[in-house]
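Please treat every number below as a calculation from the coordinates, not as lab data. All values reported here derive from a predicted model rather than from experimental measurement. Neighbour counts run over all protein chains shown; Cβ positions are idealised from the backbone, glycine included.
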Amino acid sequence: MNGEPGTGGTEERCVDLVEQLTAYLDGTLPVEERRRIEQHLERCEGCRTALAQWRTVVRLAGRLTTADVADVDPLLRDRLMATFLEARRR
Amino acid sequence: MAVAAEKRVAVPTRRALRRRLAPLYAAAFLQNLALWVPIEKLFMTGIGFDAAGVGLMAAVYSVVVPVFEVPSGVLADRWSRRGVLVLACLAAALSAAIGGASPNVATYMVSAFFLGIFFAMQSGTFESVVYDTLLEETGSSDDFERVIGRVRVVESVALVTSALTGGVLAELLSLRVTYFLTVPLLVAAGVAVCLFREPRLHRAEESVPLRRQLATTYRTLLQRGRLRPVIALTIAAALTMQGMLEFGPLWLVALAVPAIWYGPHWAGLTSALGLGGLLGSQRWVTRRSGAAALAGVMVACTLVLVGSTAPAVVVGAQVVLTAVVVAVGIPVTRRLHDAVPSAVRAGVASGVGTLTWLTFVPFALLVGFVSDRVGVGDAGWLFVAVAVVCGVLVITVLPTAPTAPVAAPLHEEAAPTFPPDRFLPDDDPDWPGHWAVPPAAWAGLGTEVHDAEAAAEVRTALMEMPVELRRVMVLRDVEGRPPGDVARALGISPRDEQLRLHAARGLVRSRVARHLEGRRAT
């Protein structure tokens, strides 16, 4: 067992916390929620590892270039980029 | 889409497009040159059909078409649209051959079965192939209305031609020969389809398991959201059109007009298909005022059917109504296709066909029942009701610009990021919801050393995941767009963006974990 569960009723459960990782990294969580997650992460090695894996996934995806994924979905991408540029112009 | 508004299709592109679509136009013409249609009832009576037999044949259709429609669409998405269209031509040829050779009701049922297979394979697939060809050649769906409008004109010319020549041929030769003469036309249609160069768009998104494809197809079809009014309008318009073709002549019967009316009436209805095709490709149809005018005309025509006893007025109302619903159906079909990813296009379009069919059967029974009991004039109220619904949907759906593809909802993808059995159960006395099997740290497993390999795994995972998730993750993590920006570009909420990104990263994480940790971990 790697986790060291807290005792309070407001303690974040690991099963819920892992579903918040993207929101946590995006920095879109309310301050209170963010604080609870940080407290949990300090104590829970399992969740720290999950967060590290999450960061690795983002880093690995960042190593890919647009060209790497262009053939995955060429047309949708083109259309998407056009919409994207359009949205930016507005 | 924005591309559509900006980019006018250049003339050379348009020429190339026309050349590429030519075999499809030819096939549409040949398929609708069904010489046997005008003499079918006569032939059926000749081989011993009675009212019960006709009912049974209707039952054959109503089973065959919905049962085969979606599977044939999915087959078109997974295997080949051209292949399915060729099979459709063969089924139609077989149907005409068996029909012509039929000595009795039972063999004619077999012919009806193959005709049902033809309809199931053709519907949805044909439009899908046209739509994807347009995207591939011009990069937008802008010309869809124009091309489908032209297809409708071609079909209508073929139908009118067959209506006129079928009777003459039967008179000169025989009823059976008229059936057999249709066979080489259908074979020629199949050959024309073979000459067509199939778009490959749906291939790019392939490599998904059948189960997932079926799930995505049905989910796209049945989900709440922007697609629902589009599908409802498609059904309402098709209901009115089918209703006119099927029950339009009943008004003539009720008004006891001389037999001479029937020919021009039928010619009017079939040419309304072509007229609607021309009308539907006009840009004003999708403006608010244009849509409102069409909605008004629809309701007015159905009210004429309820109230008028002047045959010319009734026939005129039926022709105008048919033309208008065909016209409305064209931009609606584009909105349907705009909202559906290529990988499930034919399946979803066929699914809409099935829903239309499933709605039409009870509607037809109801119209038949009401006409029998209180007269066809009162059955007209049913058409008024459908026209009102159709009109409201026309005003709400048509003026909205085609938007970014509707994403499949996240039911399936929102599965937990880590398998539930990695956590202690809720009733665990000590640590409910905490790690039972915590993830292994990757640092010691050499991610840094084998980054290139791991990145290749990320790429594979991206290719395998549903396109809605992939799109968000590519923009966010590969291209590094900031949060919120992507949501705006895709027309989804920031929360949705985050959920999709999370689900996508979860799928990538599992794949990288499998790669790094071997088969032990997930």
> Does the stretch B:95-215 classify as rounded, prolate or oblate by the C-alpha gyration tensor (a ≥ b ≥ c root eigenvalues; a/c under 1.5 gives rounded; else a/b over b/c gives prolate, otherwise oblate)?
Replying inline: oblate
> Picking from B:Pro483, B:Trp442, B:Gln498, whose Cα lies most toward the positive end of the charge dipole for the stretch B:439-520 (charges on Cβ: Lys, Arg +1; Asp, Glu -1)?
Replying inline: B:Gln498
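Return the FRET efficiency for the residue pair B:Arg514, B:Leu214: r is the Cβ-Cβ distance, R0 is 25 Å, and the value is rounded to the nearest 0.05. Write out the running numbers ahead of the final one.
Working: r = 25 Å, r/R0 = 1.01.
Efficiency, rounded to the nearest 0.05: 0.50.
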>> Taking each residue in B:492-499, count the Cβ atoms of any other chain within 10 Å of its Cβ, then average. What number comes out?
In response: 2
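When the helix-only estimate is applied to chain B (DSSP H runs of n ≥ 4, each -39,500 (n - 2.57), divided by the residue count), what is the mean residue ellipticity at 222 nm, nearest 500 deg cm²/dmol? Show your work: numbers first, answer last.
Working: 21 runs with 379 residues, N = 522.
So the helix-based figure for chain B works out to -24500 deg cm²/dmol.
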> Using a simple charge model, +1 on the beta-carbon of Lys and Arg, -1 on the beta-carbon of Asp and Glu, nothing else, what dipole does chain B show about its Cα centre, in debye to the nearest 20?
Replying inline: 1200 debye
> In debye to the nearest 20, how big a dipole does the stretch B:6-204 give about its Cα centre with +1 on each Lys and Arg Cβ and -1 on each Asp and Glu Cβ?
Replying inline: 680 debye
>> Between B:Ala52 and A:Glu45, what is the label-point separation in nm under the 7 Å Cα-to-beta-carbon projection?
In response: 8.1 nm
> Under a 5 Å amide H to amide H cut-off, with H placed in plane at 1.01 Å, what residues pair with B:Phe423 once short-range neighbours are removed?
Replying inline: B:Ala436, B:Val437
>> Charges on Cβ only, +1 for Lys and Arg, -1 for Asp and Glu, centred on the Cα centroid of chain B; of B:Ser62, B:Ile47, B:Val324, which one is farthest towards the dipole's positive end?
In response: B:Val324
> Which whole number gives the average, over all residues in B:418-427, of C-beta atoms from other chains lying within 10 Å of the residue C-beta?
Replying inline: 3
> What size of dipole, in debye to the nearest 20, comes out for the protein assembly as shown about its Cα centre when the only charges are +1 on Lys and Arg C-beta atoms and -1 on Asp and Glu C-beta atoms?
Replying inline: 1780 debye
